[in-house]
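Worksheet for the structure shown next.
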Amino acid sequence: MSVAQHVIGCLGHNHDEPEWQLVIENGRLRLLSDIKTPYELSLYGQAYFRYLLPLQGLMFKRLSSIELDCKTPSFDLIINGFRFIYQAYSQNQHPQSYIPSPLHYAYGINPVVDQLVQVYVKYQNPVQPLLHVPTYLDHYRRLKDPLSCPIVLAICINTICSTRRVKGYTSIQRRQLAEFFFSKCKSILLEMFDDPDRQLDTVITISLLYHYVMMVLLDFTQARRLSTIASLLCSDMAPTYRDESNGVSPEQKAMFERIFLQTGGVGFMMNIIYGCVSDKTSFFSGDSLKALPDEDRTTREYLELYSHVLDVSFAPFVSAVMDEVERARSDTNLQHLLSVEHILQFDAAIREWWKNLPEHTRLCDDPFDGKDIIRTDSTHKLLLYGYLHATILLSYGFFIGPLYLLKASDHQNAGLANVLYEHCVSVILKSLDRTLSAVRRTLSVCVDISILTFVCLMRSVHIFHNVFSSAPDIKIPLNVEKLFVSCMEEINKTVFPLDHFVPSHQSPLKSYMATRCTEDLAAFLKYPLPGYAFAADIFNTASTYLGSRFQGSSTPPDPLSFVHLITYTPSTSVH
């Protein structure tokens, strides 16, 4: 005990600083002193991170543990919606076909192709870098017939159906053009699958098709088929493309690594939708997101952004929470514990990670200080900052419910649980404000919306629901509620086609919740761009439900419209 007491007691050189007594029993480190305030908890967490964390290999650090009941861990609204759509497809409900009108091509299709290619390389590839643009443009200019190149066709499909609204096309025309290009692209792909000399072209083409197949057609069966083919090809290509002695150019290697990473991510998402378990770290390589010297500034910034996003997503202090949740998903019969010490370390670990970032990527020195959000126009700084706080929200979302129940109990650790609860509430409210402020600023300075924007919004929706359902004594500040409403309104204006909003009383999701009949979901498939109608319905259903719970609302919440889509009911016990 003396070693542990001495290490922590070193903080008490100044009489204003507290000292804590610890004991090691049966190889476990246990705190004996009472922690009475969130401020003291913060100090203890910093001390633990600095002085005791290096000894974690010698001591099993569990002060006490919270058991999470993850029998219904449906915390991802979009994933659950995708599962419902997959059920509709399993019942042989498919989107109607749109036959391209000959009028579109009266003056030839090549000008349309060139317009879409230029939009892609100027606006979309920099935000989601897959291609090495100088290499691709050199190839494109040498093509005699652009419609003979599957990558060109896939780019046209990706661009015409992207969130960036290409001027001059209605929703029906966008779908018609996409089907025209897709029919040609599939025919060429079928001939390429077994050609060893065209493997890179094949996986690039598939990567450009994911958005259309998954997020527009909502055809997850076809998306999984393409993802499986791409994954097998990437595994076959890896030894060659990762061995410098094989004569692979830096441009080819860079594109392969980006495609390999994206393919792994899509496969991981498919496994979640289909209820399978997969290793999310198996597709991540340190070389995945290296920029090349001749790539433009925006591309380099976004590659660095995504690299840091992956870094924090796989960081030990985040993985400790998410891995336990994933285990709970796969086995609901076992206890699933989160160490209270993990909460004590979390803030300090976040600050340490943020401090070690390159200075040019940080919005501010203190990750919890958001005063610079309104003053910056740097999209990559805003997105990284917002994503960090969205990650904090996701992790703390699994703490708040169990602590709320524990603090109200007569358990011997109820006092500590109350301190931890107050600390979590403070962090959640601050991170909600920072996440939504960063999203709102991003939407005001950038037309091309990153997937990270949607991740931040969905995690905010998740924490709102957790607060309302698991910790009803928390009051969401009015300015945070207004920020959320403003973000949702801006997304509606900039992303979803005006003719793809489903009236609330006709919502397929609401109808499905009431009837559990997958035929209700077929309503999405009647729209030219089904995925946009589906996403708009999810966002608006969430907004309507949460808005009914906000301060001053006179609308009673309708549980059928939302709660069953995002249900996470924690229970607690202490060991």
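Couple of notes before you dig in:
- Pairs where the first residue, in the stretch 404-423, is closer than 20 Å to residue 469 by Cβ and modelled with pLDDT under 75 and the second is open to solvent by 50 Å² or more (accessible area, probe 1.4 Å) and among the charged types (D, E, K, R), C-beta under 8 Å, 6+ apart: 417/407
- Verdict on residue 227 being crowded, with 22+ Cβ neighbours inside 10 Å and either basic (Lys, Arg) or farther than 25 Å from residue 113 by Cα (or both): yes
- Scanning the stretch 269-281 for any residue that is at pLDDT below 95 and on the phi > 0 side of the Ramachandran plot turns up at least one such residue.
- Restricting the stretch 473-484 to residues that are modelled with pLDDT of 90 or more and open to solvent by 50 Å² or more (accessible area, probe 1.4 Å), the residue that is nearest to residue 543 (Cα to Cα): 482
- Evaluation of residue 240 against (1) among the β-branched types (Val, Ile, Thr); (2) surrounded by fewer than 18 Cβ atoms within 10 Å (Cβ to Cβ); (3) under 26 Å from residue 450 (Cα atoms) (one fails), failing number: (3)
- Residue pairs meeting the criteria (Cβ under 7 Å; at least 6 apart or on separate chains; first part of a loop (DSSP other than H, G, I, E, B), in the stretch 230-249; second open to solvent by 40 Å² or more (accessible area, probe 1.4 Å)): 248/240
- Tabulated pairs, the stretch 162-184, first more than 14 Å from residue 150 (Cα to Cα) and touching a residue at least 24 places away in the same chain (Cβ under 8 Å), second among the aromatic types (Phe, Trp, Tyr) and assigned to a helix (DSSP H, G or I), C-beta under 9 angstrom, 6+ apart or interchain: 162/120; 162/123; 163/532; 164/123; 171/532
- Failed criterion for residue 346 (all others in (1) touching a Cys at 6+ places or on another chain (Cβ under 6 Å); (2) open to solvent by less than 10 Å² (accessible area, probe 1.4 Å) hold): (1)
- Subset of the stretch 447-467 [closer than 15 Å to residue 400 by Cα and open to solvent by 30 Å² or more (accessible area, probe 1.4 Å)]: 459
- Only one entry of 463, 476, 449, 428 meets the criterion of being under 22 Å from residue 369 (Cβ atoms) and not in a helix (DSSP H, G or I), and that entry is 476.
- Conditions (1) hydroxyl-bearing (Ser, Thr, Tyr); (2) open to solvent by 10 Å² or more (accessible area, probe 1.4 Å); (3) under 30 Å from residue 297 (Cβ atoms); number of the one not met by residue 470: (3)
- Boolean, residue 384 is among the aliphatic types (A, V, I, L, M) and either over 23 Å from residue 476 (Cα atoms) or in a loop (DSSP other than H, G, I, E, B) (or both): yes
- Restricting the first member to the stretch 252-277 and to residues that are of a type in the set (Val, Ile, Thr), and the second to residues that are open to solvent by 30 Å² or more (accessible area, probe 1.4 Å) and not in a loop (DSSP other than H, G, I, E, B), the beta-carbon pairs closer than 7 Å and six or more apart or on different chains are 263/231; 273/83; 273/86; 277/271; 277/330.
- Enumeration of residues in the stretch 353-363 that are crowded, with 17+ Cβ neighbours inside 10 Å and over 21 Å from the mean Cα position of the chain (by Cα): none
- Positions within the stretch 419-430 being under 15 Å from residue 343 (Cα atoms) and of a type outside the set (A, V, I, L, M, F, W, C), in sequence order: 421, 422, 423, 426
- Beta carbons closer than 7 Å, at least 6 apart along the sequence or on distinct chains, pair a first residue in the stretch 459-475 that is on the phi < 0 side of the Ramachandran plot with a second that is buried (at least 23 other Cβ atoms within 10 Å of the Cβ) and polar (S, T, N, Q) for 460/435.
- Residue in the stretch 426-434 that is open to solvent by 10 Å² or more (accessible area, probe 1.4 Å) and touching a Leu at 6+ places or on another chain (Cβ under 6 Å) present: no
- Residue within the stretch 184-198 that is small (Gly, Ala, Ser), out of contact with any His (no Cβ under 6 Å at 6 or more places or on another chain), in a helix (DSSP H, G or I) and surrounded by 16 or more Cβ atoms within 10 Å (Cβ to Cβ) present: no
- Residue 482, sole failed condition from (1) in a helix (DSSP H, G or I); (2) of a type in the set (D, E, K, R); (3) over 14 Å from residue 400 (Cβ atoms); (4) in contact (Cβ under 8 Å) with a residue 40 or more places away in the chain: (4)
The values are calculated or read from the model by the stated rules, or taken from the named source; none is laboratory data. Computed from a prediction, not measured in an experiment: that's the story for all the values here. Note: ideal-geometry Cβ built from the backbone for every residue, glycine included; neighbour counts use all protein chains shown. Please note that ligands, DNA and RNA were not included when accessible areas were found on the heavy atoms of the full protein model with its side chains. Shrake-Rupley method; radii C 1.70, N 1.55, O 1.52, S 1.80 Å.
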